[in-house]
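The values are calculated or read from the model by the stated rules, or taken from the named source; none is laboratory data. Everything numeric in this text was worked out from a predicted model, so none of it was measured. Here the Cβ is made from the backbone with ideal geometry for all residues, glycine too, and neighbour counts use every protein chain on show. Ligands, DNA and RNA are excluded from the accessible area calculation, which covers all protein heavy atoms including side chains. Shrake-Rupley method; radii C 1.70, N 1.55, O 1.52, S 1.80 Å.
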Amino acid sequence: MPFFYRIAGVTATCALALACLAPTANRLAAQEPVQSGGTISSQVSLVSLFATVRDKNKRIVTDLTQNDFQVSQDNEPQKIAFFSKEVTLPITIGLLIDTSGSEQNRLPAEQDAATRFLERVMKKGDEAMVMSFDLDVDLLADFTDDKHIIERAINKARVNAVGGGGVVTPGTIPSNTGGTHFYDAVYLACAEKLGTEAGRKALVIITDAQDEGSKVRLEEAIEAAQKSDTVVHVLLVHDPGYSWRPDVAKKLSDETGGRTIEVSSEKKLEQAFDQISEELRSQYQIGYYYPAGKLKDGGFRKIKVDATNKDYKVLARRGFYAPKE
């Protein structure tokens, strides 16, 4: 059965059984020489990913070359076909703000920090959208490059639930017990919004990662992010007396090539946004070709990216879903 959310006055429908999203790998036609002197046409898939590298002191490393990386898919070494340093390639950013009752004491500080983050990170050609989530998922601003629209959207976020199981304001999904549809928000942001965008994509979430009442599971939310090639960063904030799930946040970010940063104060929130901003502007793009015939079963392909210098840690997505015939 489908489920529904009201997004900025428009009802979006998502099937619980995940539909096939746009493939991660792009099928290309390649010409391979044969002994007879002619050519045969062979399909290969281009697998492209973005990577950030930090040294043992957690400093960003920006001077690496193609020879400094090793890539494997399903434990098979891959030959890097192209390589570049990406500091100017446009970024599409999704900002998700937890507006459940557990965030009521922190929301103003989160809004201020989020506004400054997008003001700093967004360059010409970039776009961002803003969503909030509690008992439902609301699109506060669709993709735009207008920073004033984004700022107004961030400031529109309101806490809809009263903590401790109290009364909640009416949502699009009836509830009288409170809740936080965290997994649904990630799924909708990736499947319905970021999944239709091209290029570099990042989802930045301010939350305690506690989910109550979502119709999709964590695994489905992660799969939606992976299918849409979206890197998820979680700024993990929480107040004493409320539950929080660092394990959930870490699993979501690790599986998509992002980071989870625990935030315990307004100062650390600013620092966390600065770290994410730095990473988004200090990436390497790595690509390799793979026979398309092996990619058409719809299965998950594991990717591992390492630096030849073992003191370096590479942050990159861990795989992708192949297209399905």
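Yes/no matrix, rows are residues, columns are (1) farther than 28 Å from Ala209 by Cα; (2) touching a Leu at 6+ places or on another chain (Cβ under 6 Å):
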residue: Ser253; (1), (2): no, no
residue: Thr260; (1), (2): no, yes
residue: Glu270; (1), (2): no, no
residue: Glu278; (1), (2): no, no
residue: Gln283; (1), (2): no, no
residue: Asp297; (1), (2): yes, no
residue: Lys302; (1), (2): no, no
residue: Ala307; (1), (2): yes, no
residue: Val314; (1), (2): no, no
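Tally time: how many residues in the range 212-251 are assigned to a loop (DSSP other than H, G, I, E, B) and among the hydrophobic types (A, V, I, L, M, F, W, C)? Give the steps one after another, and end with the answer.
At the first step, the residues of the range 212-251 found to be assigned to a loop (DSSP other than H, G, I, E, B) are 213-217, 228-230, 238-245.
Those left that are additionally among the hydrophobic types (A, V, I, L, M, F, W, C): 216, 244.
Residues meeting the conditions: 2.
Please note which strands (runs of 3 or more DSSP E) are completely contained in the range 85-155 and include at least 2 residues that are at pLDDT 90 or above and either open to solvent by 50 Å² or more (accessible area, probe 1.4 Å) or over 24 Å from Glu262 (Cα atoms) (or both). Outline the logic, then answer.
Numbers: elements: 91-98, 127-133, 137-144.
By residue number, 137-144.
So which residues in the range 55-69 are more than 17 Å from Glu278 (Cβ to Cβ) and in a strand (DSSP E or B), if there are any at all?
Within the range 55-69, just Phe69 meets the criteria.
Go through the range 204-218 and report how many residues are farther than 18 Å from Trp244 by Cα and open to solvent by 10 Å² or more (accessible area, probe 1.4 Å).
Number satisfying all stated conditions: 1.
Enumerate the pairs (first residue in the range 209-226 and in contact (Cβ under 8 Å) with a residue 12 or more places away in the chain; second residue anywhere and part of a helix (DSSP H, G or I) and open to solvent by 40 Å² or more (accessible area, probe 1.4 Å)) with beta-carbon separation below 8 Å, excluding pairs fewer than 6 apart on the same chain, so at least 6 apart or on different chains.
Short answer, once both residue conditions are applied: Ala209/Pro246; Leu218/Lys251; Ile222/Lys251; Ile222/Glu255; Ala225/Glu255; Gln226/Glu255.
Residue by residue through the range 288-320, note down the ones that are among the small types (Gly, Ala, Ser), modelled with pLDDT under 95 and on the phi < 0 side of the Ramachandran plot.
Result: Ala292, Gly293, Gly299, Ala316.
Per-residue answers, yes or no, for (1) farther than 17 Å from Leu95 by Cα; (2) surrounded by fewer than 18 Cβ atoms within 10 Å (Cβ to Cβ):
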{"site": "Leu236", "(1), (2)": "no, no"}
{"site": "Arg245", "(1), (2)": "yes, no"}
{"site": "Val248", "(1), (2)": "yes, no"}
{"site": "Gln285", "(1), (2)": "yes, yes"}
{"site": "Tyr288", "(1), (2)": "yes, no"}
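For the range 252-262, which residues satisfy the criterion of being in a strand (DSSP E or B) and either open to solvent by less than 40 Å² (accessible area, probe 1.4 Å) or of a type in the set (Lys, Arg) (or both)?
Ile261
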